[in-house]
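Novice: Okay, here's the structure, questions in a sec.
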Amino acid sequence: MKRGRGTLLGMGLGLLSLGVLALGVCVGSTGFDDLLRLLLRADADPAQATMASRILWDIRLPRTLGAWTAGALLGLAGAVAQGLFRNPLADPYLLGSAAGASLGVALALAAFGGTAGMLGASVAKPALATLFSGSIAVRLGLTGAAFCGAMLAVVLTLALSRGVQHSLRLLLAGVIVGVVLGAAASLVLLFSPDSLQAMQAFMLGSTAFVGWSAWLLMAAVWLSCLLASWALARGLDGLSLGEATAHTLGLPVAQLRAAMVGVLALATGTAVAQTGLIAFIGLAAPHLVRAAVHVPHGRLLALASLAGAVLLASADVLARGLMAPQELPVGLLTAVLGGGYLLWLMHRRGGAATQGALS
């Protein structure tokens, strides 16, 4: 029965993914715009059809696919983090990767001389466009700096926790590293005020300038992490029973934990490097799956990844369409919606607990 419900949920998430992807290519700066119908019109103006084709294939389609894939990476990382720490409140940023990525971007912006100096743009240019629309070299520099910062944070966390033998020590080390690196990023920005606008764009998150190369990179990393986490799923099932039980079952706990930390760091670092900091996707996606069906980690990881993909792709469509032609930062939207969902969940569970105590 559980297997059947899990299969139905997977099929439903797959269908939702197709619907959101189709909707994503039809939503732009002017709101809903059926470009597919325009492309199929035989009597369309050639110049207009060419422009529509470029908007569809070079901007909207890679952006929509990028949002879906970044959400899949964060959903998978969230499920791995919650299984690794045996804590439903764990999220992909617990190892300090978010603070490390922020420090990397802050250092890169300071090195490039701030927003205007880095891209030769006017200060009045919107922050998101200023951050992401520069030359390819600068864009790769920011992406590489974010990824290297995230990886550095994970390495520092492992060094501070003296390996991966103890989950609690690893968790505390991640919190400490996150606080220290976050303070370091703030210090860098204090001495480079010209970088504040672009840094704010990174902190709020955006999928606006994800191109084909960025999507291909995220897709390759997602497939690799998904296969690796699938191979580690039985280990997560064993760890969910407790470390002592996992040792009794003969599981190589230290090796399993190290491999899961690697998957978590790679998935999170890749997503953050391409889209900035996007909140609540990694935390909420596994919760939504567990609320719908109880399955082993092998299926939970895949379903949480699909749920994260649907959540972020849907949030990206809303960010583009709600205030068109203005665009909301997708990270801000996910934070508001995710925080509202968690508040509703706490209220519902609190009410149920109160009724149980009174009955």
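The values are calculated or read from the model by the stated rules, or taken from the named source; none is laboratory data. All values reported here derive from a predicted model rather than from experimental measurement. Neighbour counts are summed over all protein chains in view; Cβ atoms, including those assigned to glycine, are modelled from backbone coordinates with ideal geometry. The accessibility values were calculated without ligands, DNA or RNA, using every heavy atom of the protein model including side chains. Shrake-Rupley method; radii C 1.70, N 1.55, O 1.52, S 1.80 Å.
Novice: Where the centroid of each part is defined by its Cα atoms, how far is the range 291-312 from the range 196-234 in Å?
Specialist: 17 Å
Novice: Further question on the same structure: Quick check for you: with a 1.4 Å probe and neighbouring chains kept, what is the accessible area per residue of the range 236-298, in Å²?
Specialist: About 34 Å² of surface per residue is accessible.
Novice: Right, here's the next one. Provide the gained length on full extension for the span Leu342 to Leu160, in nm with one decimal, where the gain is 0.36 nm per separating residue minus the Cα-Cα distance.
Specialist: Additional length available on full extension: 62.4 nm.
Novice: Kindly rank 98-105, 206-213 from highest to lowest mean number of other beta carbons found within 10 Å of each residue.
Specialist: Highest-to-lowest ranking by the protection proxy: 98-105, 206-213.
Novice: Can you pull the percent of the range 146-278's accessible area that's carbon plus sulfur, 1.4 Å probe, other chains left in place?
Specialist: Solvent-exposed carbon and sulfur of the range 146-278 make up 74 percent of the total.
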